[in-house]
Amino acid sequence: PKVDTLSLSRLIQMDPGLAGRIIQIANSPLFGGYGRIENLHDAVARLGRNTLRDFVTGIVLKNVFRTHEKIFRQRLKELWHHSTLTASLCQVLAQRIGMMDSGQAMLAGLLHDIGILPILHFAIQHPALINDPELLDQLVSSMRGECGQYALTHLGFSQSLIQAAMSAEDWWWESGKDQVELADLVILAQMHSYVGSRHFSSLPRFDQIPAFSKLGKFKVLSPHQSLKILDEASREITELQKILA
């Protein structure tokens with residue numbers, strides 16, 4: 001809690017690649033100020049501690065979505081693309097709704113599929129699963145939430161981020177609380193990410209799911225408003241995906 005900008009800069013400088021990405025992010029249209037930043041200290045100061053933390057976590061996280069196994073390389077690439085899209089949608093929705101930290105919302109979107117990774121690594125050791133894609137998909141569907149909970153708990157992430165990973169595919173999830181949770185936002189972002197895809201026809205209507213109903217109580221979002229928000233923020237979403245790619 002008491003760390004200063006200089007200490008953060010020195011820590012990040014230990015990884016030149018990461019340092020370069022942080023400067024790039026600070027100069028992006030999302031965070032760009034009146035002048036171009038050329039050094040890490042100024043980049044850290046511009047982003048702020050919390051935003052810096054969330055982006056560093058996201059950048060480092062991409063490494064766990066890589067594999068030397070050719071059979072899963074494309075699948076992991078698509079999984080990361082979906083995670084970055086969901087993260088970008090989460091951040092934009094959080095900013096427009098104004099009811100939660102947008103950086104944490106972005107991180108929740110990035111982490112929501114992390115439970116799939118240990119299942120795929122397990123499958124690499126068991127050829128029967130690799131040779132039966134349908135069975136593997138069933139395993140992923142049934143265990144992704146539980147594996148995500150275990151992984152994020154082990155890594156020390158907050159309960160709200162853990163819950164978001166557990167509930168990301170549960171359209172009917174309800175927290176039982178009045179306040180909007182990260183899990184609600186991830187569910188909304190997930191549904192928006194499937195608009196126009198082959199998965200969309202199998203989903204419930206936007207106005208049927210509890211996450212939308214909760215936001216409707218606060219009069220901050222409706223199905224029409226959410227689509228309008230994301231259409232207006234399309235450039236911002238694209239820019240976020242570039243940063244996280």
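What's the total number of residues in the range 32-71 that are in contact (Cβ under 8 Å) with a residue 60 or more places away in the chain and not aromatic (F, W, Y)?
Final tally of qualifying residues: 3.
Which condition number does L8 fail, the rest of (1) part of a helix (DSSP H, G or I); (2) surrounded by fewer than 19 Cβ atoms within 10 Å (Cβ to Cβ); (3) in contact (Cβ under 8 Å) with a residue 12 or more places away in the chain being met?
Checking L8 against (1) part of a helix (DSSP H, G or I); (2) surrounded by fewer than 19 Cβ atoms within 10 Å (Cβ to Cβ); (3) in contact (Cβ under 8 Å) with a residue 12 or more places away in the chain, the one that fails is (2).
Can you tell me which condition I114 does not meet? The list is (1) of a type in the set (A, V, I, L, M, F, W, C); (2) within 18 Å of L155 (Cα to Cα); (3) in a helix (DSSP H, G or I), and all the others hold.
Here I114 meets the rest and fails (3).
Can you name every residue in the range 20-77 that is assigned to a loop (DSSP other than H, G, I, E, B), open to solvent by 70 Å² or more (accessible area, probe 1.4 Å) and farther than 18 Å from I243 by Cα?
Result: Y34, H68, E69.
Can you find even one residue in the range 105-120 that is open to solvent by 40 Å² or more (accessible area, probe 1.4 Å) and at pLDDT 90 or above?
yes
Identify all residues within the range 121-133 that are farther than 15 Å from R144 by Cβ and either surrounded by 13 or more Cβ atoms within 10 Å (Cβ to Cβ) or aromatic (F, W, Y) (or both); write none if there are none.
Of everything in the range 121-133, those that are farther than 15 Å from R144 by Cβ and either surrounded by 13 or more Cβ atoms within 10 Å (Cβ to Cβ) or aromatic (F, W, Y) (or both) turn out to be I124, I130, D132.
Give the residue, chosen from Q104, Q74, that is over 18 Å from D231 (Cβ atoms) and without any contact (Cβ under 8 Å) to a residue 60 or more places away in the chain.
Q74
The values are calculated or read from the model by the stated rules, or taken from the named source; none is laboratory data. Here the structure is a predicted model, which means the values were calculated and not measured. Note that each Cβ is placed from the backbone with ideal geometry, even for glycine, and that neighbours are counted across all protein chains shown. What goes into the accessible areas is simple: the full protein's heavy atoms, side chains included, and nothing from ligands, DNA or RNA. Shrake-Rupley method; radii C 1.70, N 1.55, O 1.52, S 1.80 Å.
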